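To start, the structure itself, in structure tokens.
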Amino acid sequence: MNSQTPTQSYNQAVLELAVAGLAALEASGHNRAQRTPAQESHFLCSWMADSLKEKRFSKLVAEDLATWIRQGRSLGAGANLPSLLGRIVSQYRQVLDKETGLGTGLKAMLTELQALGWLIFTDAEVDTKLKLDSEGQSSLIISAGEFERHIQDGELIKPITLYVRADEKLLAETALANGLLLSQGNKKSSLVKHHKAYRLRPANRLDALCLLV
């Protein structure tokens with residue numbers, strides 16, 4: 001049965017899916033400790049295929065299911081599906097009710113990264129292709145117009161794009177610590193050479209899987 005409700009967000013849908021997948025895996029046998037990663041991945045791949053076929057979950061996560069099924073079939077244990085679902089549950093539960101104060105959270109994140117030696121730029125417009133010569137130093141750029149106009153009284157009122165060249169794991173961890181979900185990085189859409197573009201949306205409401213820790 002498709003469990004989507006009219007008000008269900010992507011965040012709620014992907015969390016529901018991940019929780020159900022891990023619960024099904026746990027309930028599938030009493031000797032989970034003796035099962036191999038390949039066996040667990042095979043189980044989840046089959047469970048996902050059945051879930052997609054039977055439309056058990058929201059259409060919002062249908063593309064995710066299809067992607068993970070392909071990965072499970074081609075990579076086997078290398079798809080690491082149990083770990084993937086576990087990371088989703090952990091990360092999305094932390095921000096499930098974090099829909100306010102994202103502007104304040106973003107500014108706190110920038111301060112933390114700057115203290116770690118990152119180059120942070122929020123005072124220049126990014127409206128055409130740019131190149132930043134950072135000599136390998138981690139860097140993050142936000143267009144001045146977005147930074148000034150898309151945050152009001154600590155709230156994020158419109159999406160903001162972050163152009164980043166750095167360790168993605170550290171970026172995801174620092175964002176999560178400040179209550180933020182970032183989209184996955186896109187190099188093709190980036191206006192800054194050698195940087196990926198990440199999106200931050202009001203109320204953390206992304207429409208696809210976030211950058212996972």
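The values are calculated or read from the model by the stated rules, or taken from the named source; none is laboratory data. In this text the structure is predicted, and so the values were computed from the model without any measurement. Methodologically, a virtual Cβ is constructed for each residue, glycine included, from the backbone with ideal geometry; neighbour enumeration extends over all protein chains shown. Keep in mind that these areas ignore ligands, DNA and RNA; they rest on the heavy atoms of the full protein, side chains included. Shrake-Rupley method; radii C 1.70, N 1.55, O 1.52, S 1.80 Å.
Answer yes or no: is there a residue in segment 172-186 that is open to solvent by less than 80 Å² (accessible area, probe 1.4 Å), farther than 25 Å from residue 61 by Cβ and touching a Pro at 6+ places or on another chain (Cβ under 8 Å). Within segment 172-186, none of the residues are open to solvent by less than 80 Å² (accessible area, probe 1.4 Å), farther than 25 Å from residue 61 by Cβ and touching a Pro at 6+ places or on another chain (Cβ under 8 Å). Against the list (1) surrounded by fewer than 16 Cβ atoms within 10 Å (Cβ to Cβ); (2) at pLDDT below 95, the condition residue 132 fails is (1).
If residue 78 satisfies all but one of (1) free of Cβ contacts under 8 Å to residues at least 40 places away in the same chain; (2) open to solvent by less than 30 Å² (accessible area, probe 1.4 Å), what's the number of the condition it fails? So residue 78 meets the others, but not (2).
I'm trying to understand the selection: among the residues of segment 184-213, which are more than 21 Å from residue 102 (Cβ to Cβ) and touching a residue at least 24 places away in the same chain (Cβ under 8 Å)? 190, 191, 192, 193, 194, 195, listed by residue number. Apart from one condition, residue 47 fits all of (1) of a type in the set (Phe, Trp, Tyr); (2) more than 17 Å from the chain's Cα centre (by Cα); (3) within 23 Å of residue 207 (Cα to Cα); the exception is (3).
Looking only at segment 189-213, count how many residues are more than 17 Å from residue 142 (Cα to Cα) and either open to solvent by 50 Å² or more (accessible area, probe 1.4 Å) or assigned to a loop (DSSP other than H, G, I, E, B) (or both). Please lay out each step first, then the result.
We begin by selecting, within segment 189-213, every residue more than 17 Å from residue 142 (Cα to Cα); these are 203-213.
Filter once more, so that each one left must be either open to solvent by 50 Å² or more (accessible area, probe 1.4 Å) or assigned to a loop (DSSP other than H, G, I, E, B) (or both): 205-209, 211-213.
Count: 8.
Scanning segment 66-117 for residues that are within 30 Å of residue 146 (Cα to Cα) and among the basic types (Lys, Arg) returns 93, 98, 107. Comparison of 146, 99, 173 shows that the only residue that is assigned to a loop (DSSP other than H, G, I, E, B) and of a type in the set (D, E, K, R) is 99.
If the requirement is being acidic (Asp, Glu) and within 30 Å of residue 14 (Cα to Cα), which of these qualifies: 155, 148? First the steps, then the outcome.
Values: 148 fails: within 30 Å of residue 14 (Cα to Cα).
The conditions single out 155.
Looking across segment 121-139, just one residue is touching a Ser or Thr at 6+ places or on another chain (Cβ under 9 Å) and outside any loop (DSSP other than H, G, I, E, B), and that is 121.
Only one entry of 75, 96, 52 meets the criterion of being modelled with pLDDT of 95 or more and not hydroxyl-bearing (Ser, Thr, Tyr), and that entry is 52. Within segment 114-136, the set of residues being touching a residue at least 12 places away in the same chain (Cβ under 8 Å), touching a strand residue (DSSP E or B) at 6+ places or on another chain (Cβ under 9 Å) and under 20 Å from residue 174 (Cα atoms) comprises 118, 119, 120, 121, 122.
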